[in-house]
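Asks: Got a structure for you, questions after.
The values are calculated or read from the model by the stated rules, or taken from the named source; none is laboratory data. Owing to the predicted nature of the structure, the values given are computational and were not obtained by experimental measurement. Please note: Cβ atoms are built from the backbone with ideal geometry, for glycine as well, and neighbour counts cover all protein chains shown. Side chains are part of the model used for accessible areas, which takes the heavy atoms of the whole protein and leaves out ligands, DNA and RNA. Shrake-Rupley method; radii C 1.70, N 1.55, O 1.52, S 1.80 Å.
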Number of protein chains: 2
Amino acid sequence: MRADRLDAFIATHLPNIFYLTGFSGSSGIVLVAQNSAILFTDPRYTVQAKQEVTAAQVKIVRGSLLKAVGEQVEQRQGSRVGFEAAHLTVLQRAALGKSTGARIRWISWDGKVEGLRAIKDESELATMREAARIACASWEETLPLVKPGVCEIDLAAEIEFRMRRKGADGPAFDTIIASGERGAWPHARASRKLVKKNELVVFDLGAILRGYSSDLTRTVCVGRASSEKRRWYAAVLEAQQAARQALRPGVTAEQVDAAARGVLKQAGLEQRFIHSTGHGLGLEVHESPRLGRGEQSVLRAGTVVTLEPGVYIEGTGGIRIEDDALVTSTGAEFLTHANRELIEIG
Amino acid sequence: MRADRLDAFIATHLPNIFYLTGFSGSSGIVLVAQNSAILFTDPRYTVQAKQEVTAAQVKIVRGSLLKAVGEQVEQRQGSRVGFEAAHLTVLQRAALGKSTGARIRWISWDGKVEGLRAIKDESELATMREAARIACASWEETLPLVKPGVCEIDLAAEIEFRMRRKGADGPAFDTIIASGERGAWPHARASRKLVKKNELVVFDLGAILRGYSSDLTRTVCVGRASSEKRRWYAAVLEAQQAARQALRPGVTAEQVDAAARGVLKQAGLEQRFIHSTGHGLGLEVHESPRLGRGEQSVLRAGTVVTLEPGVYIEGTGGIRIEDDALVTSTGAEFLTHANRELIEIG
């Protein structure tokens, strides 16, 4: 803030608010000044804020939080106030402008808290390791239920139930179970479709634990895999290993992506790989850095990313293998430890 | 659009995109012009968009969707283009501005799709009735598990598992199980706390079915309720009944709120009722109208709202009763039919 000559900064993005103050409610704004921080929230959160927030003062507001923040800013010394342009709507920005006089200059100041969040400390990593363990164990326990005739949605229910029972606050996102040709949709949620013999089944699941997410994808074959499917699977696994090898402090996000993409290109599958290789993971399931083409950001030790190459064949299905990896001081380390080899069921 | 002399309109809010096109992916923008509609999405959704979208053309974009939309707008006749100021960030708005020349005039045009969404047709109502039934049945089946020593998170897991098994796409929000003094947090998620004898337990849960949400709250007492708790419960139930009586086409949102609030005031509990009486329900768990003080919007037949008065006593707990109600041509009708009387367990 000093470098950008800001007198104050307001955070409106909930994961950033949680990171700065510990507050986990769904309505809040944090005003940070040189020697103070104030969390504004509404009366539903009076008790919760009192219990969760230690490093900030709490103000309970009836009515518009933005208006209350604006009035507070107006009363203070200093006129340059940063806000999160990526996390404030045009309408909210207009309300903020109206709540203060012309003296206040609102400065778009993005990605600063995200930059702090990108480096996880030991306590955060302990939570993320446990969230990863919960996802892996829940998937492994559900595997015996995978057989012809089982419904995708029932498999999702089993996985989410087990994550909860193992202590997760809940699933980190809608669990994806995509069997057969639905596997060609990288983001297919579990549906009422029944799993059939000779289909590939993609499982993409994650647990939230004390705010932190895990994200795991495995693909299994119901019955014996054809030689073509085996070839695809081997290429995806090799692409993931290449990304894992490339991952270390000092490389750019696009270099990690290029490592995976290069393997799939060699295998003639480049056109089948229709998304980026991975993304940052932490208080959000998708946070920076994105491991994709053109991403120049340099990776640092303490960052957790997913590595999730995949191939998608319309009419047939998809294969994706995803693990969570921590950038260490010398290289990288997986947080997820479920079996990565092709599993053929029955 | 004609009334506001718009040549085109872009929708960026996902529930609005689903409503307009049927597309359920997590990345998309819809460009609507007089006689055409185009959905822009990324390659992950090629197959899904082809299957889900019938009323719009689909464009698959590698890279920025906003840039692609801007370029498309730039090529067309007409210069006045509406956007959703409540659903576009300041950063996205800047990117949009850069993607077109100065000829295009971007007009803040909010709440129009939401206005259409507020009136549910028969097919939407059939889905919402089923989502409501799933929530009620899942809660009723979980009730026998409520006893001293059970963990809040395990109750949440049971409820969510049952919702899934009954065909829900998933929970509509993190299930709230708030026992004892945690009940004084209106938005407490299920925690690792164990339920104890003589505690009130608040259950707030909902199912998503084909995009539509239900939202149900019930409060039970573990053991016999004290006369004070009975009095609180009776007041909350009476407040809900008053809101239900007030609900009909032509009333304002604040009149419904005032009906519930008046009952709690009579009971000396007005200060304990720290939120509004309810909110619109549909493709979002919270949509307009909000049934709160100062809300002048007039309710119309076909709108579904929650009615959820509550009282919160710090250190003791909370009581909330929430049902989903449809505004009919003559009055209102509950969609949720779970028992509303005080249940004392054991």
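For (1) in a loop (DSSP other than H, G, I, E, B); (2) facing another protein chain (nearest Cβ under 10 Å); (3) open to solvent by less than 20 Å² (accessible area, probe 1.4 Å), each residue gets a yes or a no:
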| position | (1), (2), (3) |
| --- | --- |
| A:M1 | yes, no, no |
| A:F9 | no, no, yes |
| A:P15 | no, no, no |
| A:F18 | no, no, no |
| A:F23 | yes, no, yes |
| A:V30 | no, no, yes |
| A:F40 | no, no, yes |
| A:R44 | no, yes, no |
| A:A55 | yes, no, no |
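Asks: Within the range A:157-175, count every residue that is within 19 Å of A:V222 (Cβ to Cβ) and in contact (Cβ under 8 Å) with a residue 40 or more places away in the chain.
Replies: Counting residues in the range A:157-175 that are within 19 Å of A:V222 (Cβ to Cβ) and in contact (Cβ under 8 Å) with a residue 40 or more places away in the chain gives 1.
Asks: If I go through the range A:189-211 residue by residue, how many of them are farther than 21 Å from A:T336 by Cα and either crowded, with 24+ Cβ neighbours inside 10 Å or away from chain B (no Cβ under 12 Å) (or both)?
Replies: So the count comes out to 9.
Asks: Return a yes/no flag: does the range A:58-78 have any residue that is in contact with a Pro (Cβ under 6 Å, 6 or more places away or on another chain) and not aliphatic (A, V, I, L, M).
Replies: No, the conditions are met nowhere in the range A:58-78.
Asks: I need the full set of residues from the range B:107-124 which are within 14 Å of chain A (Cβ to nearest Cβ) and open to solvent by less than 60 Å² (accessible area, probe 1.4 Å), in order please.
Replies: B:I107, B:W109, B:D110, B:G111, B:E114
Asks: Only residues that are part of a helix (DSSP H, G or I) and crowded, with 20+ Cβ neighbours inside 10 Å: list them for the range A:94-104, please.
Replies: Answer for the range A:94-104, where residues must be part of a helix (DSSP H, G or I) and crowded, with 20+ Cβ neighbours inside 10 Å: just A:L96.
Asks: Filter the range A:187-226 for residues that are among the aromatic types (F, W, Y) and either at pLDDT below 95 or under 26 Å from B:K166 (Cβ atoms) (or both) and give the result.
Replies: Scanning the range A:187-226 gives a single hit, A:F203.
Asks: Is it the case that the range B:126-136 has a residue that's within 14 Å of chain A (Cβ to nearest Cβ), more than 17 Å from B:F18 (Cα to Cα), small (G, A, S) and part of a helix (DSSP H, G or I)?
Replies: No, because not a single residue in the range B:126-136 is within 14 Å of chain A (Cβ to nearest Cβ), more than 17 Å from B:F18 (Cα to Cα), small (G, A, S) and part of a helix (DSSP H, G or I).
Asks: Considering (1) open to solvent by 40 Å² or more (accessible area, probe 1.4 Å); (2) at positive phi; (3) touching a Ser or Thr at 6+ places or on another chain (Cβ under 7 Å), say which one B:R162 fails and leave the rest.
Replies: (2)
Asks: I'd like to check which strands (runs of 3 or more DSSP E) are fully inside the range A:159-268 and have at least 1 residues that are among the aromatic types (F, W, Y).
Replies: A:200-205
Asks: Could you grab me the full set of residues in the range B:276-333 that are open to solvent by 10 Å² or more (accessible area, probe 1.4 Å), within 13 Å of another protein chain (Cβ to nearest Cβ), of a type outside the set (F, W, Y) and in a strand (DSSP E or B)?
Replies: Answer for the range B:276-333, where residues must be open to solvent by 10 Å² or more (accessible area, probe 1.4 Å), within 13 Å of another protein chain (Cβ to nearest Cβ), of a type outside the set (F, W, Y) and in a strand (DSSP E or B): B:H279, B:R290, B:I313.
Asks: On to the next question. Could you tell me whether B:L145 is over 16 Å from the mean Cα position of the chain (by Cα) and modelled with pLDDT of 95 or more?
Replies: When the stated conditions are applied, B:L145 passes them.
Asks: Additional query: Kindly evaluate A:R231 against the criterion of being basic (K, R) and either over 18 Å from the mean Cα position of the chain (by Cα) or open to solvent by 50 Å² or more (accessible area, probe 1.4 Å) (or both).
Replies: Yes; evaluated as a whole, the condition is true for this residue.
Asks: Of all residues in the range B:76-92, which are within 14 Å of chain A (Cβ to nearest Cβ) and in a loop (DSSP other than H, G, I, E, B)?
Replies: B:E84, B:L88
Asks: With the requirement that a residue be within 14 Å of chain A (Cβ to nearest Cβ) and open to solvent by less than 30 Å² (accessible area, probe 1.4 Å), what does the range B:57-75 give you?
Replies: Answer for the range B:57-75, where residues must be within 14 Å of chain A (Cβ to nearest Cβ) and open to solvent by less than 30 Å² (accessible area, probe 1.4 Å): B:V61, B:L66.
Asks: Can you tell me which condition B:A95 does not meet? The list is (1) within 13 Å of chain A (Cβ to nearest Cβ); (2) modelled with pLDDT of 95 or more, and all the others hold.
Replies: (2)
Asks: I've got another one for you. Report yes if A:F161 is of a type in the set (F, W, Y) and more than 23 Å from B:T46 (Cα to Cα), otherwise no.
Replies: Taking the combined requirement at face value, the residue satisfies it.
Asks: Still on this structure: Looking only at residues in the range B:168-188 that are facing chain A (nearest Cβ under 7 Å) and closer than 16 Å to A:L155 by Cβ, which one is least open to solvent (accessible area, probe 1.4 Å)?
Replies: The residue in question is B:G170.
Matching residues to (1) closer than 19 Å to A:P186 by Cβ; (2) in contact with a Pro (Cβ under 7 Å, 6 or more places away or on another chain):
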| position | (1), (2) |
| --- | --- |
| A:V220 | yes, no |
| A:A235 | yes, no |
| A:A242 | no, no |
| A:A267 | yes, no |
| A:L281 | yes, no |
| A:A301 | no, yes |
| A:L307 | yes, no |
| A:V311 | yes, no |
| A:I319 | yes, no |
